[in-house]
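Since every read-out is calculated from the coordinates, none of them should be taken as a lab result. From a predicted model like this one, the values you see are computed outputs, not experimental measurements. Heads up, the Cβs are rebuilt from the backbone with ideal geometry, glycines too, and the neighbour counts pull from every protein chain shown.
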Amino acid sequence: MHIKSSDLGILKLGIGNYTCNWGSHICGLYEKEEERDEIIFGYLNQGMKDADFALYIHSEQSEENFTNNFIHHCPECEAHINNPESLEIKKAKDLYYPSGTFDPWIMDTAVNGYFEYTQRNGPRNFRAIAEMAWAHEAIPGVEHLFAYESRLNYFVQNRTVISICLYNITKMTGGMIMNVLRTHPFAINGGVITQNPYFVHPDIWLAENAPQFLNR
C-alpha cells in the first residue's frame, strides 16, 4: 500500500508492505517494546537493503540491547552496524541536548548538518528514526519539543529524507499525544500507516503555539 506524501521518489518503508515518498515525517505510536522494535528493525533493515544512510537515535533502550536484538532479527545487517557509511547509532542526548538544553534553532543546524553529511559524496537517501522517550525527562527547553517537531516538516520537504519519531503512548498525557499528532502528517499505529487527520501545517501550528519559532 502506498502512502502519498510528496512528489519525490518512492521507497519501501520496511513496515508491512507500505511504500511512501521521500520527504516524509511520520510518528510511530506504540505501547509495547515489541511494537517499537518491529518498526525500528523493519525500517532499518530495508534501509540496509536499499543502501540508504540511516541514523538511529536511542533513549528508551541501550545501544547494546538494540545491537544484539537487531542482529538477531537481521543477521546480515551486522556488517552495517560497524560501518559509519551505512548506519550511525547515537544517544538522544548527543543529538537533542548535547549542552544540556534543548533548542529548536540548534536542532535546525544539526539536522541540516546530517543531511549535508549524507550528500558529501553525491546524492543519497537518508533515513532517520528516533526514540523520543528522552522527552519525558526534566530537560531545560523540552517544552519546545513540538516546535521542533513542527519545524521538521519544513526540513524534510523536497529532500530525500524520511524521519520516524517513536512515542510510547503509555507514558504520555492526552495533550502530548495530540501534539504528536498535530505535528506529524502521517502516523503508524498497530502496524498500520495512515494520513493523520489531526495534522496542522507548521505555518499554522507555530503561529498559534510557538510564534517565536515561526520564522524559517
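The mean sequence separation of alpha-carbon pairs under 8 Å and at least six residues apart, normalised by the residue count of the range 3-158, gives a relative contact order of 27 percent. Convex hull volume of the Cα atoms of the chain, normalised per residue: 119 Å³. Any chance you could give the angle, 0 to 90 degrees and rounded to 10, that helix 145-156 forms with the longest Cα principal axis of the chain? The angle comes out near 60 degrees. The alpha carbon radius of gyration of the range 86-186, expressed as a multiple of 2.2 N^0.38 Å, is 1.09. Does the range 146-216 come out rounded, prolate or oblate, given a ≥ b ≥ c as the square roots of the eigenvalues of its C-alpha gyration tensor, rounded meaning a/c under 1.5 and, failing that, prolate meaning a/b above b/c? Oblate shape, in that a/c is at least 1.5 and b/c is the bigger or equal ratio. Between the helical axis of 104-118 and the longest alpha-carbon principal axis of the chain there is an angle of about 30 degrees. Above 18 angstrom, tally the Cα pairs of the range 53-101 and express them as a % of all pairs, no decimals. Across the range 53-101, Cα pairs with separations above 18 Å total 32 percent. Within a straight-line Cα-Cα reach of under 12 Å, K91 can be paired with the following aspartates and glutamates, leaving aside sequence neighbours fewer than 8 residues apart in one chain: E60, E63, E64, E131.
Need one word for the range 3-50: rounded, prolate or oblate. Basis is the Cα gyration tensor (sqrt eigenvalues a ≥ b ≥ c); a/c below 1.5 gives rounded, then a/b vs b/c decides. Judged from the Cα gyration tensor, the range 3-50 comes out oblate (a/c at least 1.5, b/c at or above a/b). The dipole here belongs to the range 66-146: it is taken about the Cα centre, uses +1 on the Cβ of Lys and Arg and -1 on the Cβ of Asp and Glu, and is about 120 debye. The stretch between R124 and T101 holds 5.2 nm of extra length on full extension. This uses 0.36 nm per residue minus the Cα-Cα distance. Calculated mean residue ellipticity, 222 nm, the chain: -11000 deg cm²/dmol, from DSSP H runs (n ≥ 4) at -39500 (n - 2.57) each, averaged per residue and rounded to 500.
Please work out whether the range 71-135 counts as rounded, prolate or oblate from its C-alpha gyration tensor, where a ≥ b ≥ c are the square roots of the eigenvalues and a/c under 1.5 means rounded, while otherwise a/b larger than b/c means prolate and anything else oblate?
oblate
Taking Cα atoms only, the orientation of helix 33-49 departs from the longest principal axis of the chain by about 60 degrees. Over the range 1-129, the hull volume per residue, using the convex hull of the C-alpha atoms, is 127 Å³.
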